[in-house]
Amino acid sequence: MDDRGYMRLALELASKGMGRVSPNPMVGTVIVKGGRIIGQGYHQRYGGLHAERNALASCTESPKGAAMYVTLEPCCHFGKQPPCVNAIIEAGISRVVVGAKDPNPLVCGKGISILRKHGIDVTEDVLSEKCEKLNEVFFHYIRSKRPFVVMKYAMTMDAKIASYTGASKWITGEEARRHVHELRNRYSAIMVGVGTVLADDPLLTCRLEGGRNPVRIICDTRLRTPLESQMIRTAKNVPTILATCCGNESRYRVYQKMGCRILLAPEKGGYVDLQRLMGLLGKEGIDSILLEGGGSLNWSALEAGLVKKVVCYIAPKLLGGAEAKTPVGGKGFPSPAEGIVLKNSIIRRLGEDFMIESEVAEDVYRNY
């Protein structure tokens, strides 16, 4: 197996930390000696041992003189764990193959430099695109201090997210709906508008066995969320934030008593200013958001230049209806040439349904 082959294995290991290590990156490590894998590990949970130390602890023989393959540059600063470069040097590793450089200013090339100063041969950028892609949330958050926003919706083949009566359960089948729970487990938070709460009364939890519930965020400019709604009634068990422009303490104190957090945000155009809200949520340590709202919130997020990725589930059904809701509402763009351009699309079949995942082209947004 060559460097790329070992790095692919390290990437597979890294992905096992999905949903468990945020806001840290997912990292995998493989240790090879004499053409044999003698150790491997990954970052298993936030606050726990990093991938390099887990791999060294698993070694079946002395790692002295071995090569280490790691998907992200080893850290060189003290955080919840001591620097991994120290463990690598002490173990006598002779070569380190790095997938991607860590964008964290506390590391960013410093870890590699330290290893080289101690006589360790370092090879950089092996499968770097795949390594960065795996940690797209981490890279975005470290660089911008804002959440990575994913817009998700399910629609019929005639682009309806509900019938003309408003009925939307269920557009897609069980396999597609299970995939949604995988996304909820992956990202830090789910965001909906108060309109979705009023119409559907969702719970927005992760139903995967061993899964993690994301933080639930309701954009509610005037605090209209019903106290009897599922999200409010379960707020003491599942972290729930009400992002609002209403500064009346007597209005929001009752939500606080039920376990909600109130996040006061500036107003723009009669609604919560999503751009400013992202900055506030970033300061709260929320590195990623899954938009599960309706057409109004989706349009507002696109118009504000927030969406980085789109996940669309398409069911082989036709609902019709001139007034039936579509995934993106609002005013819309005046011409096809001015629409949001998506790239690097991946199509996957989920039961009878299809999932299309696309990135928003980087040059689409001018002010984000």
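The values are calculated or read from the model by the stated rules, or taken from the named source; none is laboratory data. Just so it is clear, the model here is predicted, and its values are computed rather than measured. Here the Cβ is made from the backbone with ideal geometry for all residues, glycine too, and neighbour counts use every protein chain on show. Ligands, DNA and RNA are excluded from the accessible area calculation, which covers all protein heavy atoms including side chains. Shrake-Rupley method; radii C 1.70, N 1.55, O 1.52, S 1.80 Å.
In table form, for the structure just shown:
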| quantity | calculated |
| --- | --- |
| Residue among Ser144, Ser113 that is among the polar types (S, T, N, Q) and in contact (Cβ under 8 Å) with a residue 24 or more places away in the chain | Ser144 |
| Enumeration of residues in segment 329-340 that are part of a loop (DSSP other than H, G, I, E, B) and either small (Gly, Ala, Ser) or at pLDDT 95 or above (or both) | Gly329, Gly330, Gly332, Ser335, Gly339 |
| Given (1) outside any helix (DSSP H, G or I); (2) of a type in the set (Gly, Ala, Ser); (3) more than 22 Å from Val360 (Cβ to Cβ), index of the condition Ala154 fails | (3) |
| Residues within segment 285-314 that are out of contact with any strand residue (DSSP E or B) (no Cβ under 6 Å at 6 or more places or on another chain) and closer than 20 Å to Glu136 by Cβ, tallied | 5 |
| Residue list for segment 303-328, restricted to those being assigned to a loop (DSSP other than H, G, I, E, B) and hydroxyl-bearing (Ser, Thr, Tyr) | Thr326 |
| First in segment 153-176 and farther than 15 Å from Thr196 by Cα and of a type outside the set (Val, Ile, Thr), second anywhere and modelled with pLDDT of 95 or more and open to solvent by 100 Å² or more (accessible area, probe 1.4 Å), Cβ under 7 Å, 6 or more apart | Met157/Leu318; Asp158/Leu318; Gly173/Glu352 |
| Complete set of residues in segment 161-173 that are at pLDDT 95 or above and not β-branched (Val, Ile, Thr) | Gly173 |
